[in-house]
Each structure stands twice: as structure tokens, then as C-alpha cells.
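Visitor: My questions all concern the structure below.
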Amino acid sequence: MSLNMFIQNFFNALGLGALYGLIAVGYTMVYGILRLINFAHGDIFMLGAYFVFFATIQFKLPWGVGVVIAIIGATVVGLLVDRIAYRPLRAAPRISALISAIGVSFFLENLAVVVFTGMPRAVIQPDWLVSPIKMSEEVSLIPLALIVPFVSFALIGALLWIVYKTKPGLAMRSISHDIETTRLMGVSVDRIIALTFALGSALAALAGIMWALRYPRVEPFMGIFPGFKAFIAAVFGGIGSIPGAMIGGLTLGFVEIMSIAFFPNMSGYKDAFAFILLIVILLVKPTGLMGERMEEKI
Amino acid sequence: MKKFFAALCLVVLACSASFAADTIKIGVVATVTGQNAFGGQLELEGMQLANSLYPEALGKKIELVVVDNKSDKVESATAATRLIENDKVNALIGPYGSGPTMAAGEVAEVAEVVLMGTACTNPLVTEGKKFIYRACFIDPFQGEAAANYSYNKLGYKKAAVLTDVASDYAVGLASFFKSNFTKLGGEIVSDLKYQSGDTDFTAQLTEIINKAPDVIFIPAYFAEGAIIMKQGYEMGNKARFMGGDAMDNPEVVTLGGSAVEGFMHTTFAYDPSMPEMNTEAKAFTEAWVKKYADKAPNANAAMGYDAYVLIYQAILRANSADPKAIRDELEKTTNVATVTGMTSFTTESHDPVKDAGVVEIKGGKKLYVDTIKP
């Protein structure tokens, strides 16, 4: 493989991996606090993409406004999901909450089919984001390919700051250790959990927007595959760990792209490569790359 | 309890059987949500148009019973079962695409109800089946036509192929294209794969662009195909993209924008921009424009329309709506005029031999550029 091709592949992998990572962070945050796999996360990602689609393409609002609307919309949905489907089950066995999450996921998908119709719709990207720039004779990139990883890393940075440097972040970390003791310390646990869902949903919405820009199509089931991949990335990176989720996402993105780049004849086995790596790493390190030992798991 | 349940089943069965006699029901395994909804929706509109033109047979009303397959193989089989067992349909019209049609076809074959495929071009769809027919040509011909056209007419010597390995249609058409292209003397410089549901094709395209082919053949469905072309464009691809009938959809231009300029594909021999139309095609175009003023008539709708007409004519000739009578008469179909050419079936072959059209996207519009005779 020539250097030019490698550079091209590198940026493609970086963009894909950063998006996986950004979605994975949402899974990991909720899991870290509640030990709940929030299966509805991929669908909130889908809703984020739809909100920005409707705001900018149907209602002709500027992109900036559309993005804000999408974030607010997805955050509201995330909070409602927590309030309606998860909070009443806080004391119930973990498996009940898991089933509730799967139920919410199906509900949101089918609601989207009814409300938005099942037709995939084309997203019309702003021209400046997607007009190719020639880097060299063989390498050609669009500005979006650089913006996506940059924005993703900045968001993860901001999130890490919230979790490690602020009071609500301290409360989050405390809940993840011991929810009952945290409650006794006078922390409003439900409010902090709601904040976690709000942050996770906002990140999902942003990932959805960038995904819709990069792969310009929205449809009600678009959250399933990326959500699935991101969940794998989260487990792979060590579920519960925010940097782990990002690293897991990047690794998955790089394995997917580079396996094709180095073994083009085996491009049909892309997913097999990714999963073999996943299995090997989990065999060696069962808690994932950055995961901590947990007493109890689902 | 068990006895009660069995009795209930009997009552339900008896009731539904007695209702079935008032109308003739044609079940449609439609594709109106999911990945291929755009194509499936157009086909359905074509059937509905045919239904409004030919609403009655044997003095009975013909009713279309529509069940969605969500662009999914398993759902297609479920939908076919439901239509046959619950709705007691007299015949079925198949879903959009080869894979889903095969899934629905297995059910129809066992239940001995005719299934008329619309745009399912994979040869396996009807192979060894008694009750499965189709209104379109098949991929060995289409692959040969595409290879011939790009090698002889366009003068391309080096081709790359990007195939969805999870799609029966794509795998079949790709292999027919490759074998014919190499037989003619051309070279396949790159033969890469992906899986349905993938949205990132950048790694495959990087490799393909590096091999500098003259033409990139993508036997994809329109939604994926448009995104592939878009990503190719973003990475500075210069080669021409070519595809098959599944790329024939107005959505290609909406999704792909300027990236699909110059894209060519083979398709069923119907397009409103074609220079010479047969009588059926003219009638179809006129009726379509009257019914759906805001949408251009298209090949997908034409296939849905043709499938309905073939079943309708068989019912008339059989003078019965019994599923087996329909089948026996359908098998004797000889030179029935349909929008996309003359259709004939024989005991040996349920695959009509028809012309293929070649369409190019120019200035954001579909343009019918050539007809390929079988």
C-alpha cells in the first residue's frame, strides 16, 4: 500500500471510529451509573438525525439552529425515556430494566416509521462540507472527514471535564460506586441520573447529525447498525469507562477500514475480522481494554 | 381448553372461506418501509394504477391486499404466509428484489398459490418452482448486456466490481458481469465486497480508485448505490459507475446529487424518455400522468403494472380465480403485450425474454440512451 493510500484510509478510519466512539460513550455512561444497557441509545441517535433533517431541509432553518433543535429534542426524548421506562424500574431486577430498554428501542423505531414514514430520505449537505479538497495527486478529502473526528474529540474532552472536574460529575462517579450511600450523602440521585441521560442523549444527537452528514440518508432503522457497533466498541473498550469507549470506537473503525485496506480480497470478511479481534481481547482481558473489575454483571 | 381452541379455529376458517368468494383477492407482498421502500412504493403504485384500469374480472371486484415486508427476507415469508392463510388470496405479487422474492416464493410454492415477481432478476427465483413466475428479464442476460455495453460500446477494458455479499441479487449479477466481461477480453482489476447495512465504503473505494479502472460496476440497490457514488466522488474518483436495474429509481439523483452525474445502468425497457414506445407503454404513461401528476412514470411502476396485468389476463383466460387454474393458464402465456415488452412463459421457463434499456444520468435527469436486444 502506498503512503497516499494509507493517509486516505487513515482519515476515513479516524472519522468512522470517532463516530462509533461518540455513540459508545452514551452506552458506557448509562452502564457505568445504572449497570443498564440502554438499547434505546441507537434510536435516540436516529431521532437526532431526523430532527436536524426536518429542521434544515423541511423547514429550511439554518444548520446552526437545526443542530440546537436536534440536541434539545434528543435530550428531551432521553429524559422522557428515563422518567417513563427506567426510573419506575430502579428497584426491580436488572433484567427487567434491560427488557424495558429493548421495548423502548422497538417503540421508538416503530414510532418513527409511523410519524416519519418508512421511506429513507436524502440529507442535502451544505456544499462547503463535502466539496473534495485535493491533498495530493491521490489523496482527496472533504472538510467533513476532518471536522467529524475533531468535534468528537472535543466533545469527549468536555465530557471528561464534566465528569472529573465538576460537582455533578463527582456525584455521577459516586453513584457508579454505590448508589445507596450516595443517596445518604444528600445527593439527588434521580436528578444526577437524569443529567447522565441528558448528556448521553445530546452526544447521541450530535453523533446522529454527523452521521447523517457523512452518510447522507435518514431512515427509522438507521440507529440499529451503528448502535450495535458502538455497543461492541463500548464493551471492547471496557464498559463504564469513557476514554475506553472512545478507544474502543477508534479501534473498531480502524480494524474495519484497515482490514479492507490491507486485505482487499477479503473485504467480505470485514466484520469477521473486527469480531475475532474483539473475542481475542475479551479472552485476554475480560473487562475490556480500560474496564475495571466489576462485582456483578448482567 | 384445547378442544375449545380447535373449535374456534374451525369456525374462523369456515367464516373466512365463505367471505372469500365475493371478491378476487390479489395479495401484494409490498416493500413500503425500510431500505428499499422507494422502489417498492413505486411498484405498488404501478399495481394500484393497473387495478384502477382493470378493477373487475369474471364479474367480481379485484381487491389488492397489501402487506409490508420492511425490505426484509424473513418478513417477506411472514407476509406471504399471512396473505395466503389469513386473507385467502387468489394470487400473489412479489416483493421488491430477488432475495425477498425467494423468501416469499418458498411459502407460495408450498401453499400452491401463484407468486408473480416484479423486478426480481436473479435466476434462482423461479428455478425448479411450479408456482413462481416473474415479469422481468433475468440477470445472466442483464450481466451480459452490461458487460457487452461497457466493453464494446463504451470501450472500457478495465473494470472494478463492488458487491453486496448479503444480497442474492448483487452476488448473481456481479458474477454474470464478471464472467462476461473477462470473456470479451476485459480485465477485472478489483473485486471487492461489502454487506447490506454498511454505510461506509471508503476503504473499498480507496482500493478501487488506486487500481484506476475505466468503469466501476455496482450491482447495488439504489439507496446504497447512491451513497457509494457519493463517497467515490468525495475521494476524487474519475471512473464511470455502472449499475443494474435496482439502481433505476428517481431517488438516486436526490441522494447522490452531482456525484451521480454520468452514472449509467441497465434496466427494464421502459422510461418516459425513451424514443419509441409500444402501445402498452403509451397507455401506461398516459394513465400514470393522469393519476400521479407530481411523479414521473418509471420502470419500477411499470414492473408492478405488468405483474398485475399478467395475472389479470390469466384469470380472464382461465375463467376462474382458483389458484391452480390461474397457474395453469399463466403457464400458457404467449406474447402478452406488457409495458416492458412481450411476455411469454413456458413449462420449462418462467422467465420472460425481454429487451434491456440503458439509462444515463445527465444534468440531474434520467435519459434513456439505448436498447439492448436479447
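Visitor: Exactly one of these conditions fails for B:Asp168: (1) free of Cβ contacts under 8 Å to residues at least 40 places away in the same chain; (2) among the charged types (D, E, K, R); (3) more than 14 Å from chain A (Cβ to nearest Cβ); (4) closer than 26 Å to A:Ile224 by Cβ. Give me its number.
Guide: It fails just one condition, (1).
Visitor: Hey, A:Ile281 hits all of (1) touching a Leu at 6+ places or on another chain (Cβ under 9 Å); (2) within 11 Å of another protein chain (Cβ to nearest Cβ); (3) surrounded by fewer than 19 Cβ atoms within 10 Å (Cβ to Cβ) but one; which does it fall short on?
Guide: So the condition that A:Ile281 fails would be (2).
Visitor: Among the residues of segment B:300-344 satisfying the criterion of being over 19 Å from the mean Cα position of the chain (by Cα) and acidic (Asp, Glu), which is nearest to B:Asn90 (Cα to Cα)?
Guide: Filtering segment B:300-344 for residues that are over 19 Å from the mean Cα position of the chain (by Cα) and acidic (Asp, Glu), the one nearest to B:Asn90 (Cα to Cα) comes out as B:Asp322.
Visitor: Have a look at A:Phe45, A:Phe39, A:Phe51, A:Phe10 and point out the one that is away from chain B (no Cβ under 14 Å) and part of a helix (DSSP H, G or I).
Guide: When all the criteria are applied, what remains is A:Phe51.
Visitor: Another question about this same structure. When you scan segment A:161-248 for helices (runs of 4 or more DSSP H) that lie fully inside it, which ones turn up with 2 or more residues that are without any contact (Cβ under 8 Å) to a residue 12 or more places away in the chain and of a type in the set (D, E, K, R)?
Guide: Correct list: A:167-177, A:179-184.
Visitor: Being within 10 Å of the chain's Cα centre (by Cα) and more than 15 Å from A:Ala212 (Cβ to Cβ) is the filter; apply it to segment A:21-65 and report the residue that is surrounded by the most Cβ atoms within 10 Å (Cβ to Cβ).
Guide: So the residue we want is A:Ala24.
Visitor: Which residues, taken from segment A:249-292, are outside any helix (DSSP H, G or I) and of a type in the set (D, E, K, R)?
Guide: Selection gives A:Lys285, A:Glu292.
Visitor: So if I check each of B:Gly27, B:Gly34, B:Gly59, which one is touching a Gly at 6+ places or on another chain (Cβ under 9 Å), of a type outside the set (Val, Ile, Thr) and either at pLDDT below 95 or under 28 Å from A:Glu109 (Cβ atoms) (or both)?
Guide: Only one candidate qualifies: B:Gly34.
Visitor: Do we have any residue at all in segment A:154-176 that's within 30 Å of A:Leu3 (Cα to Cα) and surrounded by fewer than 19 Cβ atoms within 10 Å (Cβ to Cβ)?
Guide: yes
Visitor: Name the residues in segment A:264-278 that are facing chain B (nearest Cβ under 10 Å), in contact with a helix residue (DSSP H, G or I) (Cβ under 9 Å, 6 or more places away or on another chain) and of a type outside the set (Asp, Glu), would you?
Guide: Scanning segment A:264-278 gives A:Pro264, A:Met266, A:Ser267, A:Tyr269, A:Lys270.
Visitor: If you don't mind, there's one more thing I want to ask. Consider segment B:34-67. How many of its residues are part of a helix (DSSP H, G or I), of a type in the set (A, V, I, L, M) and surrounded by fewer than 17 Cβ atoms within 10 Å (Cβ to Cβ)?
Guide: 1
Visitor: Here's a follow-up. Give just the number: which of (1) buried (at least 20 other Cβ atoms within 10 Å of the Cβ); (2) more than 13 Å from chain B (Cβ to nearest Cβ); (3) farther than 16 Å from A:Leu203 by Cβ does A:Gly118 not satisfy?
Guide: That leaves (2) as the condition not met.
Visitor: For segment B:182-226, what are the residues that are more than 10 Å from chain A (Cβ to nearest Cβ), in contact with a strand residue (DSSP E or B) (Cβ under 8 Å, 6 or more places away or on another chain) and in a helix (DSSP H, G or I)?
Guide: Correct list: B:Thr182, B:Gly225.
Visitor: Kindly establish whether B:Glu280 is within 14 Å of chain A (Cβ to nearest Cβ) and among the acidic types (Asp, Glu).
Guide: So B:Glu280 does not fit the description; no.
Visitor: Might you check whether a residue that is more than 30 Å from B:Asp351 (Cβ to Cβ) and either at pLDDT 95 or above or not assigned by TED's automatic domain parsing to the domain that holds B:Asn122 (or both) occurs anywhere in segment B:139-149?
Guide: No: zero hits.
Visitor: Taking the conditions exactly as written (at the interface with chain A (Cβ under 10 Å from one of its Cβ atoms) and either outside any helix (DSSP H, G or I) or not polar (S, T, N, Q) (or both)), does B:Asn237 satisfy them or not?
Guide: yes
Visitor: While we're looking at this one, here's another question. Of these, A:Val104, A:Val113, which one is of a type in the set (A, V, I, L, M, F, W, C), facing another protein chain (nearest Cβ under 10 Å) and either under 30 Å from A:Ser2 (Cβ atoms) or assigned to a helix (DSSP H, G or I) (or both)?
Guide: Result: A:Val113 is the single residue among A:Val104, A:Val113 that is of a type in the set (A, V, I, L, M, F, W, C), facing another protein chain (nearest Cβ under 10 Å) and either under 30 Å from A:Ser2 (Cβ atoms) or assigned to a helix (DSSP H, G or I) (or both).
Visitor: Shifting gears a bit: Do you know which of the residues in segment B:26-81 that are among the basic types (Lys, Arg) and more than 13 Å from chain A (Cβ to nearest Cβ) is farthest from B:Asn249 (Cα to Cα)?
Guide: Ranking the candidates gives B:Lys60 first.
The values are calculated or read from the model by the stated rules, or taken from the named source; none is laboratory data. Bear in mind that the values here come from a model prediction, so they are computed numbers and not experimental data. Cβ coordinates were reconstructed from backbone atoms using ideal geometry, including for glycine residues, and neighbour counts include every protein chain displayed.
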